[in-house]
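Structure, as structure tokens:
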Amino acid sequence: MRPGTASRSAGGASSRAAGEERALTSVAAGDRYEEPKDLPRLWHVTLSVSGEEAPLKEVRRALEQLAHDHPFLLTSRYAGDHAEIRYWEEARDLHDAAAVALRLWGEHRQSAGLPPWEIVGLEVIDRETYHLRVAEGYGPPPATPVGVHPY
């Protein structure tokens, strides 16, 4: 068998029958490659929540647990009656990223022990817009230091 005529899987078994040729594809001169439209993209999410006063130690512990449960969490700022959570979400489009963000607080309320606050603000912007805003000196600065911090 000629080299390259059969591929091998991790277990070493051939994924094509012996002697079966691999189909080749080409791109005509002048054709441009276009990203498929349904690939996931990165979205910068800022979720704002507020409600009745809660003990600061409990708010901090709950946000730290949320950060542990949701590994893409960048930073959280909090006070006794409100918090802001910023993170990157990978989603197909803005609608999907926003839907996930709107479920985040409620879905983790029990497991992380989050206060019974309501979502009062949501911003979802694409990666390019986020970096453009930062470069122009407005919009949320890069999340440093990363973590959970009081206002």
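Since every read-out is calculated from the coordinates, none of them should be taken as a lab result. Quantities reported herein were computed from a predicted structural model and do not represent experimental measurements. Counting neighbours? That spans all protein chains shown, and the Cβs are built from the backbone with ideal geometry, glycine included.
Look at the dipole of segment 40-107 built from charges on Cβ: of Pro40, Leu66, His95, the Cα furthest out on the positive end belongs to Pro40.
Going highest first, how would you order 96-102, 132-138 by mean Cβ packing within 10 Å? Before the final figure, lay out the partial values.
Values: 96-102: 17.7, 132-138: 10.7.
Highest to lowest by the protection proxy: 96-102, 132-138.
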